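Pasting a structure below so you can have a look.
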Amino acid sequence: MPEASSRRSPIQILHVAYTRFPADTRVKRELTALQSLGARLAVIALRGPGERAVERWRNITIIRVEGRKTRGGVASYLREYGHFVLTCRRLIANHRAFQSVRVVHVHTLPDFLVWSALPAKRRGAHIVFDMHEIFPEFAAAKFPGFLGSLASSGARLVEARARRSAELTITVNRPIESLLRARPAGSKEKLLVLHNTADPGDFGTEPVSVPDVSGRIDAIYHGTLTKLYGLDVAVAGVAEAQRRGVDIRFTMLGEGPEANDLRHMSRQLCKPGTVTLEAPIAQGALRARLGQCAVGIVPTRLDGMTRYSLSTKLLEYVHLGLPVLAARLPSYQAYFTEDMLWYWNQGDPADLARAIADFSSAGQRERSLRAERARQALEPLSWVRERTGLLTAYARLLSSR
């Protein structure tokens, strides 16, 4: 980190995240909200191809560390996580720019990234522990069998230690909050829920004008192409709906390890040219692209982790007023009733085809009604409202020693 950056006013709030910035929307919107506090902000994140090691973005200092996100086994995860954690700890412990930090905000995964913030804690800084995922359930789902059980047990210990190190623990939804309250880490723990609702800066505040389904249905999914997110089930369901006479075209907007398999599967099962894969686009361009479609598909598989997850894609579709075909997951049903989304049994292509046919035969009024009910259910959780909770919590931390 160049010395020139350390001669500015001292950094007061530091975020640490094993992700790309500003590409990660959760980290970006939280830091953007915190600018209203008037403190100097910085973030340590991963360095991608062509990115500078240190730069200023909207008055936020970005320090980028070499690293990558792969989807290998336990050894590769630990090696990549470990390198990032150790590098961050050395920076926080030794670099003069971080000597006056008052809050270190750690984003997971991994939970043991909190270890990198301990040098600042010993100098009097507060730690915020922001749980994007639940590590024990993630480990058990990622590595089934004895290895997963062992990893989950270790992750439970790491999670508890991390929560005890923090003055504030942030979670992404109410099901995870309830899970954490059922395994308390300490009597003094403070919990705050900040949902991954859409950032109005990227998605606007008003719903899009959803195309009328008078003929062909244009359906879309945007995000990572992995087995966990059930894109193979979605493709099979679309193929079955086509066999039942529904005119549907499906776009997968993203990239990931399943991309080639999904292309092959689409060619084998679906009508030519009706299922396409498109490269990811900038966050700011998503509203216009998604608004060209009649319905979003959220085909997430159910496992020990996703039963507590609330898809960011789902929240973005609802925010935009886009009707949604969603796998019936407990966490989704905790927020949206049966008359808000078009639910189907997760992992079941035939039931997805049934839901597609129901959506196709429904009138535009019914589709609009469901989308509006979902938007109303989400309104109390909008980022415009929830950012107040973040700012209030930070104000308390900054006012205390």
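The values are calculated or read from the model by the stated rules, or taken from the named source; none is laboratory data. Here the structure is a predicted model, which is why all the values come from computation and not from measurement. No Cβ is skipped: glycine too gets one built from the backbone with ideal geometry, and neighbour counts run over all protein chains shown. The area values use the complete protein model at the heavy-atom level, side chains included, leaving out ligands, DNA and RNA. Shrake-Rupley method; radii C 1.70, N 1.55, O 1.52, S 1.80 Å.
Any chance you could count how many residues in segment 5-19 are farther than 16 Å from Asp199 by Cβ, in contact (Cβ under 8 Å) with a residue 12 or more places away in the chain and open to solvent by 10 Å² or more (accessible area, probe 1.4 Å)?
Of the residues in that region, 7 qualify.
Whether any residue in segment 319-335 is in a loop (DSSP other than H, G, I, E, B), surrounded by fewer than 22 Cβ atoms within 10 Å (Cβ to Cβ) and either touching a Phe, Trp or Tyr at 6+ places or on another chain (Cβ under 9 Å) or among the β-branched types (Val, Ile, Thr) (or both) is what I want to check.
Here is the first cut: in segment 319-335, the residues in a loop (DSSP other than H, G, I, E, B) are 321-323, 328-329, 334-335.
Imposing the further condition that a residue be surrounded by fewer than 22 Cβ atoms within 10 Å (Cβ to Cβ) reduces the set to 321, 328, 334-335.
Checking which are either touching a Phe, Trp or Tyr at 6+ places or on another chain (Cβ under 9 Å) or among the β-branched types (Val, Ile, Thr) (or both) leaves us with 328.
Checked segment 319-335: at least one residue is in a loop (DSSP other than H, G, I, E, B), surrounded by fewer than 22 Cβ atoms within 10 Å (Cβ to Cβ) and either touching a Phe, Trp or Tyr at 6+ places or on another chain (Cβ under 9 Å) or among the β-branched types (Val, Ile, Thr) (or both).
Restricting attention to segment 224-254, which residues are surrounded by fewer than 18 Cβ atoms within 10 Å (Cβ to Cβ), closer than 22 Å to Ala141 by Cα and among the charged types (D, E, K, R)?
Hit for segment 224-254 is Lys227, nothing else.
Right, another one. Inside segment 33-131, counting only strands (runs of 3 or more DSSP E) that do not spill past its ends, which hold 1 or more residues that are open to solvent by 40 Å² or more (accessible area, probe 1.4 Å) and either of a type in the set (A, V, I, L, M) or at negative phi (or both)?
Result: 41-47, 54-57, 60-66.
Name the residue, out of Arg68, Arg47, that is basic (Lys, Arg) and either modelled with pLDDT of 90 or more or within 19 Å of Val114 (Cβ to Cβ) (or both). Let's see the steps before the verdict.
Details: Arg68 fails: either modelled with pLDDT of 90 or more or within 19 Å of Val114 (Cβ to Cβ) (or both).
Every option except Arg47 fails the conditions.
State yes or no: is Pro257 modelled with pLDDT under 95, open to solvent by 10 Å² or more (accessible area, probe 1.4 Å) and out of contact with any helix residue (DSSP H, G or I) (no Cβ under 9 Å at 6 or more places or on another chain)? If you could, list the steps in order and put the result at the bottom.
Details: modelled with pLDDT under 95: yes; open to solvent by 10 Å² or more (accessible area, probe 1.4 Å): yes; out of contact with any helix residue (DSSP H, G or I) (no Cβ under 9 Å at 6 or more places or on another chain): no.
For Pro257, the condition - modelled with pLDDT under 95, open to solvent by 10 Å² or more (accessible area, probe 1.4 Å) and out of contact with any helix residue (DSSP H, G or I) (no Cβ under 9 Å at 6 or more places or on another chain) - is not met.
While we're here: Scan segment 282-318 residue by residue and report those that are in contact with a strand residue (DSSP E or B) (Cβ under 6 Å, 6 or more places away or on another chain), touching a residue at least 60 places away in the same chain (Cβ under 8 Å) and outside any helix (DSSP H, G or I).
Cys293, Ala294, Val295, Gly296, Ile297, Val298, Pro299, Thr300
Give me the pairs, please: first residue somewhere in segment 224-243 and touching a residue at least 40 places away in the same chain (Cβ under 8 Å) and of a type in the set (Asp, Glu), second residue anywhere and open to solvent by less than 10 Å² (accessible area, probe 1.4 Å) and in a helix (DSSP H, G or I), beta-carbon distance under 9 Å, and either six or more positions apart or on two chains.
Between residues of segment 224-243 that are touching a residue at least 40 places away in the same chain (Cβ under 8 Å) and of a type in the set (Asp, Glu) and residues that are open to solvent by less than 10 Å² (accessible area, probe 1.4 Å) and in a helix (DSSP H, G or I), the close pairs are Glu240/Leu352; Glu240/Ala353; Glu240/Ile356.
Test of understanding: among Gly273, Gly284, Gly304, which residue is at pLDDT below 95, surrounded by fewer than 23 Cβ atoms within 10 Å (Cβ to Cβ) and closer than 30 Å to Phe143 by Cα? It would help to see each step written out before you state the result.
Numbers: Gly273 fails: closer than 30 Å to Phe143 by Cα; Gly284 fails: closer than 30 Å to Phe143 by Cα.
Sole residue among the options that is at pLDDT below 95, surrounded by fewer than 23 Cβ atoms within 10 Å (Cβ to Cβ) and closer than 30 Å to Phe143 by Cα: Gly304.
Out of all the residues in segment 344-373, which are open to solvent by 40 Å² or more (accessible area, probe 1.4 Å), assigned to a helix (DSSP H, G or I) and closer than 20 Å to Leu315 by Cβ?
Ser368, Leu369, Arg370, Glu372, Arg373
Run down Asp202, Asp212 and say which single residue is touching a helix residue (DSSP H, G or I) at 6+ places or on another chain (Cβ under 7 Å), in a loop (DSSP other than H, G, I, E, B) and at pLDDT below 95.
Details: Asp202 fails: in a loop (DSSP other than H, G, I, E, B).
On inspection, the qualifying residue turns out to be Asp212.
Hey, can you tell me all the residues within segment 136-159 that are open to solvent by 60 Å² or more (accessible area, probe 1.4 Å) and either assigned to a helix (DSSP H, G or I) or charged (D, E, K, R) (or both)? Even if it seems obvious, please write down each step before you answer.
Quick first cut of segment 136-159, residues open to solvent by 60 Å² or more (accessible area, probe 1.4 Å) only: 142, 144, 146-147, 149-150, 153, 156-157.
Listed by number, the residues that qualify are Lys142, Phe146, Leu147, Ser149, Leu150, Ser153, Arg156, Leu157.
From the residues in segment 171-223 that are touching a Leu at 6+ places or on another chain (Cβ under 9 Å) and β-branched (Val, Ile, Thr), which one is surrounded by the fewest Cβ atoms within 10 Å (Cβ to Cβ)?
Val193
On to the next question. Which ones in segment 186-217 are among the acidic types (Asp, Glu) and in contact with a strand residue (DSSP E or B) (Cβ under 7 Å, 6 or more places away or on another chain)?
Of everything in segment 186-217, just one residue is among the acidic types (Asp, Glu) and in contact with a strand residue (DSSP E or B) (Cβ under 7 Å, 6 or more places away or on another chain), namely Glu189.
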